[in-house]
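For reference, the structure discussed in these notes is given below.
The values are calculated or read from the model by the stated rules, or taken from the named source; none is laboratory data. Computed from a predicted model, the values in this text were never measured in an experiment. FYI the Cβ positions are ideal-geometry reconstructions off the backbone, even for glycines, and counts take in every protein chain you see. Accessible surface areas use protein heavy atoms only, side chains included; no ligands, DNA or RNA. Shrake-Rupley method; radii C 1.70, N 1.55, O 1.52, S 1.80 Å.
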There are 2 protein chains.
Amino acid sequence: MAGLAKGLAILEGFDKSRPRMTISQAAEFADVSPAAARRCLLTLLDAGYVSHDGKYFQPTPRMVRLGRAYLGTSPLALHAQTYLDQARDVLDEAVSLAVWDEGQCLFVARAGASQIVSTDIAVGVRLPAHASATGRALLSALKEEEEIRSFFQRYPPVQLTPSTITDVDALTHIVQRAGELGYATSAEELELGMHSLAVPVADSRGACVATISVSAFTGRIGIDELVDKALPILRLAAEGLGKTL
Amino acid sequence: MAGLAKGLAILEGFDKSRPRMTISQAAEFADVSPAAARRCLLTLLDAGYVSHDGKYFQPTPRMVRLGRAYLGTSPLALHAQTYLDQARDVLDEAVSLAVWDEGQCLFVARAGASQIVSTDIAVGVRLPAHASATGRALLSALKEEEEIRSFFQRYPPVQLTPSTITDVDALTHIVQRAGELGYATSAEELELGMHSLAVPVADSRGACVATISVSAFTGRIGIDELVDKALPILRLAAEGLGKTL
């Protein structure tokens, strides 16, 4: 593995559960030698991507620039904001755009709700496909039952709440049904007290490239009511965005 | 320069003006040999950070993960969102958090306005210090006139609009005045038709670590009215956030 690949693996190691790392923690996370981890961290320190307090290394604001490379250049993320903002204004709930990232849903744009208590889906968050409305809407682009099954074999469904469906037959049916309906839901399967609705975004060639979704607390609005209220708005946003792609 | 440093330099090259690059464009941007640029781009391709259409390389969603390393771990960016959202709800204008990044202001968190036409300051955007309210508020933490002058010598002020003040004496006075008042403004000095107001955020040790700012179109609200309306709200947000740091 080249120095560049090792350094990027270490950079990805920093997250909420590992806000800072020692050389040996970085070596363990990225599965490289302590000497290689040390070289990488010192290069990152020198380039200004991490700071060092003598023991721990932690990310600096400069790292934000790297994330912007995609967000600042992808036509999808650039065009989406207007449509997400409009949908959020009507719905008064957070509206997000997600794409595939290695079997998970990666949120790449978001219009925050003006509610003080909002769901915690920020840009850069990744969610498992089987339990999220977004993942099911993305999967519903798969036309063949076998393709859906083989996805769940590659990424086995994990129980996240008491409501999470992990049975592959049941999930395959849910995804196929989402394909027929043109939308997907998840009711407290990702997190207790939260449900969500997602619709696929098709580009001008008809390929599903993303989803637009809305999440709400169950205490604020029921799942059927969420679908009734939000589905036409999300479809309008998805259609508008799709035409720009 | 190690492979890691070269690769990061190339990654930073992707932006709105360079959404995709050939090997030779990447080599030129990062000031490395075409052979080194090729090795870096192929490593990035292999790791899933860029895609390749045979000629051009361009960022993939995976790159967003790197930007999250800071945003997902910095107590500042994590705590700020609630305060920004609250201020945005009251003001109905976009409210942003910025920190220093090598002589420029880097926006690391933002609550978007519910106005359809909003100012274009997204997370990851960098603004020059001399012409932005945010930069002036950050600079106002410098207590000595000499420190302010020496900043402008290191980062010479550039004319961005007909209103941009570039005279170092005048700018030094403006920054000192911002320090006395506890806030800074910029009236169409960054962009015609837009003005902004920023207040410093001090951590629990009293050190200025960030600014909270609001921007608005001149057609919607005058600069004096913006200060009257937004200053108490921004100060409340800055104080609330500061206490968590």
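Just a few scattered comments:
- The criterion of being more than 8 Å from chain A (Cβ to nearest Cβ), farther than 20 Å from A:GLY112 by Cα, at pLDDT 90 or above and surrounded by fewer than 17 Cβ atoms within 10 Å (Cβ to Cβ) does not hold for B:HIS130.
- Test: residue in region B:200-211 that is more than 17 Å from B:LEU142 (Cα to Cα) and either touching a Ser or Thr at 6+ places or on another chain (Cβ under 6 Å) or modelled with pLDDT of 95 or more (or both): no
- Counting only helices (runs of 4 or more DSSP H) that sit wholly inside region B:144-245, those with at least 2 residues that are open to solvent by less than 40 Å² (accessible area, probe 1.4 Å) and touching a residue at least 60 places away in the same chain (Cβ under 8 Å) are B:223-243.
- Consider region B:50-88 and keep the residues that are among the aliphatic types (A, V, I, L, M) and under 22 Å from A:LEU127 (Cα atoms). The one that is most open to solvent (accessible area, probe 1.4 Å) is B:LEU78.
- Subset of region B:188-244 [among the polar types (S, T, N, Q) and within 21 Å of B:ASP85 (Cα to Cα)]: B:SER196, B:THR211, B:SER213, B:SER215, B:THR244
- Residues (open to solvent by 10 Å² or more (accessible area, probe 1.4 Å) and over 15 Å from B:ILE233 (Cα atoms)) located in region B:89-100: B:TRP100
- Scanning region B:1-24 for residues that are without any contact (Cβ under 8 Å) to a residue 24 or more places away in the chain, part of a helix (DSSP H, G or I) and within 9 Å of chain A (Cβ to nearest Cβ) returns B:LEU4, B:ALA5, B:LEU8, B:ALA9, B:GLU12, B:GLY13.
- Test: residue in region A:94-105 that is part of a loop (DSSP other than H, G, I, E, B), in the same structural domain as A:VAL175 (by TED's automatic domain parsing), at pLDDT 90 or above and of a type outside the set (A, V, I, L, M): no
- Restricting region A:212-239 to residues that are touching a Ser or Thr at 6+ places or on another chain (Cβ under 8 Å) and not aliphatic (A, V, I, L, M) leaves a set whose member that is nearest to A:ALA77 (Cα to Cα) is A:SER213.
- Only one of the numbered conditions (1) open to solvent by less than 20 Å² (accessible area, probe 1.4 Å); (2) part of a helix (DSSP H, G or I); (3) not polar (S, T, N, Q) is violated by A:LEU42, and that is (1).
- Filtered by the rule that a residue be open to solvent by less than 50 Å² (accessible area, probe 1.4 Å) and of a type in the set (D, E, K, R), region B:1-36 gives B:LYS6, B:GLU12.
- For region B:181-196, the candidate set comprises residues that are at pLDDT below 95 and either over 23 Å from B:ALA94 (Cα atoms) or hydrophobic (A, V, I, L, M, F, W, C) (or both); within that set, the residue that is nearest to the chain's Cα centre (by Cα) is B:LEU190.
- Filtered by the rule that a residue be more than 10 Å from chain A (Cβ to nearest Cβ) and of a type in the set (S, T, N, Q), region B:25-58 gives B:GLN25, B:SER33, B:SER51.
- Residue match in region A:66-80 (condition: part of a strand (DSSP E or B) and either over 21 Å from B:ILE10 (Cα atoms) or at pLDDT 85 or above (or both)): no
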